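Notes follow the structure.
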Amino acid sequence: MSEIQYGINEIESLSFKEGVRKKIAMYLGSADMMGVYAAIQEIISNSVDEYLMGFGTEIDIELGKDNMVVVTYRGRGIPFGIREDGSNVLVDIFSKPHTGGKFNNKVYNSVAGINGIGAKATCLSSKYFNVSVVRDGKWAKASWVKGDLVRYEEGETDSQETLTSIQFAPDPEVFNLEEIKIDFEVLKKKCRNLSYLTKGLRFNLDNGREKVSYCAENGILDLIKEVVKDPVHPTPIFLEGEEDNMKVEVALQWTRNKEQSFVFTNGIENVEGGTSLTGMKTAVTTFIKKHFTGEFSGDMARTGLVYIVSAKIPNPSFANQTKTKINNPELRGFTQRLTTLALKDFSERHRAEFDEVIEFLTKERKAEIAAARARKQVLNATKDIERNQKKKVFASDKLKDAEFLGENSVLLVVEGDSAAGAIAKARDYTKYGILGIRGKLINALTHNDEKIFQNEEIKLLLSALNITPGKYNPKKLRYGSLAICTDADSDGYHIGLLIMAALHYLAPEFITEGRLYWLRSPLYIVKKGQQEQYYFTESEFSKAPKDGIVQRAKGLGALSPEQAKRSMFGENQRMDKLIPSAEALALLEDLMGADVEPRAKFIFENVDFSKINE
């Protein structure tokens, strides 16, 4: 192995342009599409900064061919010209580090970019980058190709407008981790979100096929309305305030959906949150705790809460150049105080709605406690099942295993001891196992997990099949299929449906893989001499000749072992596969689910009540 050299000749010095193009992730976060969108965001953010300073009302964003992006803003217009030291201001702004108007509060405050790096990184990482400026009756244009300045010109104009227009196309040589393909839908979403943070600023987007505009007159309250779909209370909680040159807006609303937070600083979304989010969470937890009775936690107080904080501050301290997290410590205290005031105002002015929030959180807390008990019950049930498997022994009075387990074996689930006894003597013990169910299983489609996994019959059923809750694996099944084997009456059919419901809820794959059968028992037996004929349905029996002694089978327990063997395991066997169609499973849920209406509808549409008393 050759020695790796590390000496003075291996030390390199990169120019600013080379550093940006070779290490774009340092400046824009990554060299893939995320970095491309970050570049676009930087240019748009500079336009937003102008609006925040009180200049202009609209931003035009165009997406052209070959990923060409054009951002035009009618603000003050970027200054241009030659300074006393001979430097070109417009050129330096887009290509020379530590050059810009954001290093003091005289020109900008409460802006997203404080280092002026983002626009420079965008310029130097672009295949083509052009900037045009009109202000003070003059115009200037500068153009770069792959980070090299190729043209600069300026002149006079009769136009009285002021504008800055930037045109650029990200360079595939720089953003080389994936093909550059700017999605117009992504730009629309970014601008729509920005509009919520810049009340009154209009974003006009155009890709040559579609034009769309976004303008949020109510700011983050419009975002709340957009995000909240199932509110606990109708009135959003909102407050804005100013302190020590910091302007902060907070908006909250509890929902019946998951918790969501949106954090913005100077128009930039901080997806990792930061100090302003911490302050907001602390305020919610502290305030709700004072009005809550019983067990309490901060997570519980924020159940289903959608909360938004938008801050505008003079000197933002971001965790990185991509600005995913805000670190200013002063934001935490101010946001906490403002959120507390917002909650206090809401609780006093909308007392009934606030009481609804407390009631909702109380119910959710109880539900979470019940869910925790259910999870514990599931865990205990899982341990029981795994313990049974390790022992490889089950209660002999309930389960009689087949001699050969595996894909070709069948577990017969029967009701009662007498039925199990008759079937046990009649079966082919090498292939068929028997699980005797005493009473009825719990209905898995109407009870919670805690109740389900307290049911011994459920645990035994899963143990016999070797199905661990939430970890279904067909290769680990002890039996390849299961056959419901109950009396041919309404009680037996109900038990069968309960077995189906349990498997459908706990291991739906078992059913969809076609492993569930119904082993029919005879409904009628016609004896003629030493011969017996078996009929399994009313339809079959109605068509049969009645030239013998007719016996109405009273159930599996009434069959002799010989009758059970002849009718259910020989050539007369009726083993029907239960086809797991979507319609069948939907009907199962209608018949066995907690919703009464579908079940009532089925009964009234399918039962002939005139024959009930016959």
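The values are calculated or read from the model by the stated rules, or taken from the named source; none is laboratory data. Note that the structure is predicted; figures quoted are calculated from it, not measured. Neighbour counts run over all protein chains shown; Cβ positions are idealised from the backbone, glycine included.
Scanning segment 537-558 for residues that are hydrophobic (A, V, I, L, M, F, W, C) and either in contact with a Lys or Arg (Cβ under 6 Å, 6 or more places away or on another chain) or outside any loop (DSSP other than H, G, I, E, B) (or both) gives PHE541, ILE549, VAL550, LEU556, ALA558. Scanning segment 270-301 for residues that are crowded, with 17+ Cβ neighbours inside 10 Å and modelled with pLDDT under 90 yields ASN270, GLY273, GLY274, MET300, ALA301. Looking across segment 77-88, not a single residue is over 16 Å from VAL131 (Cα atoms), polar (S, T, N, Q) and either touching a Leu at 6+ places or on another chain (Cβ under 9 Å) or outside any loop (DSSP other than H, G, I, E, B) (or both).
Search segment 539-562 for residues that are over 17 Å from SER521 (Cα atoms) and pair each with any residue that is surrounded by 15 or more Cβ atoms within 10 Å (Cβ to Cβ) and of a type outside the set (S, T, N, Q) when their beta-carbon atoms are under 6 Å apart and the residues are at least 6 apart or on different chains. What qualifies is ALA544/TYR535; GLY548/VAL526.
On the given criteria, is ILE423 closer than 19 Å to MET500 by Cβ, of a type in the set (Val, Ile, Thr) and in the same structural domain as LEU556 (by TED's automatic domain parsing)? So ILE423 fails the test. Within segment 63-76, residues that are touching a residue at least 24 places away in the same chain (Cβ under 8 Å) and within 16 Å of ASN130 (Cα to Cα) reach partners that are among the polar types (S, T, N, Q) and assigned to a helix (DSSP H, G or I) with beta carbons closer than 9 Å, at six or more positions or on different chains, in the pairs VAL71/ASN46; VAL71/SER47; THR72/SER47; TYR73/ASN46; TYR73/SER47.
Here are SER490, SER581, SER539: which of them is of a type in the set (S, T, N, Q) and either touching a strand residue (DSSP E or B) at 6+ places or on another chain (Cβ under 6 Å) or at pLDDT 85 or above (or both)?
Numbers: SER490 fails: either touching a strand residue (DSSP E or B) at 6+ places or on another chain (Cβ under 6 Å) or at pLDDT 85 or above (or both); SER581 fails: either touching a strand residue (DSSP E or B) at 6+ places or on another chain (Cβ under 6 Å) or at pLDDT 85 or above (or both).
Testing whether each residue is of a type in the set (S, T, N, Q) and either touching a strand residue (DSSP E or B) at 6+ places or on another chain (Cβ under 6 Å) or at pLDDT 85 or above (or both) leaves just SER539.
Within segment 228-269, the set of residues being crowded, with 17+ Cβ neighbours inside 10 Å, more than 23 Å from ASN328 (Cβ to Cβ) and either in contact (Cβ under 8 Å) with a residue 40 or more places away in the chain or among the hydrophobic types (A, V, I, L, M, F, W, C) (or both) comprises VAL228, VAL232, HIS233, ILE237, GLN253, TRP254, THR255. Of all residues in segment 211-243, those being part of a loop (DSSP other than H, G, I, E, B) and either in contact with a helix residue (DSSP H, G or I) (Cβ under 7 Å, 6 or more places away or on another chain) or not acidic (Asp, Glu) (or both) number 11. Only residues that are within 33 Å of the chain's Cα centre (by Cα) and either free of Cβ contacts under 8 Å to residues at least 40 places away in the same chain or assigned to a loop (DSSP other than H, G, I, E, B) (or both) were counted across segment 563-595, and they come to 12. Is it the case that segment 29-38 has a residue that's among the hydroxyl-bearing types (Ser, Thr, Tyr), at pLDDT 90 or above, within 25 Å of ALA319 (Cα to Cα) and assigned by TED's automatic domain parsing to the domain that holds LYS146? Within segment 29-38 (the criterion being among the hydroxyl-bearing types (Ser, Thr, Tyr), at pLDDT 90 or above, within 25 Å of ALA319 (Cα to Cα) and assigned by TED's automatic domain parsing to the domain that holds LYS146), the answer is yes, since at least one residue qualifies.
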